[in-house]
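Below is one structure, written out as structure tokens, with a few remarks after it.
The values are calculated or read from the model by the stated rules, or taken from the named source; none is laboratory data. Just so it is clear, the model here is predicted, and its values are computed rather than measured. Cβ sites come from the backbone with ideal geometry, for glycine too, and all protein chains shown count toward neighbours.
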Amino acid sequence: MIELVDVTKVYPNDVVALKNVNLKIDRGEFVFVVGPSGAGKSTLVRLLYREEVATRGQVIVHGKNVARLRRSSIPLLRRTIGVIFQDFKLLPDRNALDNVAFALEVTEASRREIRRRVPAVLDLVGLKDRARAFPHELSGGEQQRLAIARAIINGPSILVADEPTGNLDPDTSWGIMNLLQTLNRNGATVIMATHAKAIVNAMKKRVVAMDHGRIIRDQVQGVYAHEVN
Ligand SMILES: Nc1ncnc2c1ncn2[C@@H]1O[C@H](COP(=O)(O)OP(=O)(O)OP(=O)(O)O)[C@@H](O)[C@H]1O
Ligand SMILES: [Mg+2]
């Protein structure tokens, strides 16, 4: 469902963020992308929803080379990929309900559909009682759950999370991980870039480790890092 073939990404400032990366992710997988700061994790995930375009090589999502998509097809691609960020990126002047509804409105869903689907998704992430709250009235964990509700409202088959627990305390982080795990069990393919060593080691999922723009390890039921002897 996702394939990177010999992907190199050079930013305009000549920084080589990815070097000949090859990676295949099947439908329904849960993959952690780990590695030191600057390794290329965010660059890798941004290529998937065409926030960035590869300099060389192919990024294939749902069987299509995303670099070749027509401009008009990019919104359709993005509807199939829910994105979750470290800093939530919520709209500060809209309440929880409207933050999620906004993601549906841009798809021209009917008002009836919005009224039906938004509360259901808020319920799923445990925010049913906070529907009228504004982002600044929510805790960090609640804000991230709201961001997840927004990410899943269009029923994406892929969830991309870039350090989703980076601003959260350990207990709250586990709540978010449980939610991602549930969404994965319900069929979503999850790709999560993270520095959260304890989470990666406990969850025993596939681990893709990067360093200096290359994949240096790819393990089923992996760990955050190998002990250096
Ligand atoms: N928009 C950009 N323009 C120029 N260089 C960039 C850009 N984004 C990232 N880089 C550079 O590309 C390299 C990889 O960055 P990237 O953000 O992918 O790393 P990362 O693994 O996500 O790091 P972190 O763990 O700190 O988030 C770094 O050297 C970074 O400075
Ligand atoms: Mg990053």
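The single condition among (1) touching a strand residue (DSSP E or B) at 6+ places or on another chain (Cβ under 9 Å); (2) buried (at least 18 other Cβ atoms within 10 Å of the Cβ); (3) of a type outside the set (F, W, Y) that L90 does not meet is (1). For the stretch 1-32, give me each residue that is within 16 Å of ligand 2 (Cβ to nearest atom), among the aromatic types (F, W, Y) and either surrounded by 14 or more Cβ atoms within 10 Å (Cβ to Cβ) or closer than 27 Å to K204 by Cα (or both). Passing the criteria: only F32. Name the single residue, out of those in the stretch 211-229 being modelled with pLDDT of 95 or more and either charged (D, E, K, R) or under 17 Å from the mean Cα position of the chain (by Cα) (or both), that is nearest to L159 (Cα to Cα). Applying the filter and picking the extreme gives D218.
Restricting the first member to the stretch 1-28 and to residues that are outside any strand (DSSP E or B), and the second to residues that are within 12 Å of ligand 1 (Cβ to nearest atom), the beta-carbon pairs closer than 8 Å and six or more apart or on different chains are Y11/A17. Do the conditions hold for L44, that is, is it out of contact with any Leu (no Cβ under 8 Å at 6 or more places or on another chain), part of a helix (DSSP H, G or I) and among the aliphatic types (A, V, I, L, M)? Taking the combined requirement at face value, the residue does not satisfy it. Sub-6 Å Cβ pairs linking a first residue in the stretch 196-212 that is at negative phi and outside any strand (DSSP E or B) to a second residue that is at pLDDT below 95 and among the β-branched types (V, I, T), at least 6 apart or interchain, are N201/V223, ordered by first then second residue.
Among the residues of the stretch 47-64, those that are aliphatic (A, V, I, L, M) and assigned to a loop (DSSP other than H, G, I, E, B) comprise V53, A54. Looking across L97, L90, one residue alone is over 18 Å from R46 (Cβ atoms) and outside any loop (DSSP other than H, G, I, E, B). It is L97. Of the residues screened, I74 is not one that is more than 20 Å from the chain's Cα centre (by Cα) and not aromatic (F, W, Y). Selection within the stretch 192-229: residues that are aliphatic (A, V, I, L, M) and within 13 Å of ligand 1 (Cβ to nearest atom). The member of this set that is surrounded by the most Cβ atoms within 10 Å (Cβ to Cβ) is M192. Select, from A188, A161, the only residue that is within 16 Å of ligand 2 (Cβ to nearest atom), surrounded by 15 or more Cβ atoms within 10 Å (Cβ to Cβ), closer than 21 Å to I25 by Cα and among the hydrophobic types (A, V, I, L, M, F, W, C). Of the residues listed, the single one that is within 16 Å of ligand 2 (Cβ to nearest atom), surrounded by 15 or more Cβ atoms within 10 Å (Cβ to Cβ), closer than 21 Å to I25 by Cα and among the hydrophobic types (A, V, I, L, M, F, W, C) is A161.
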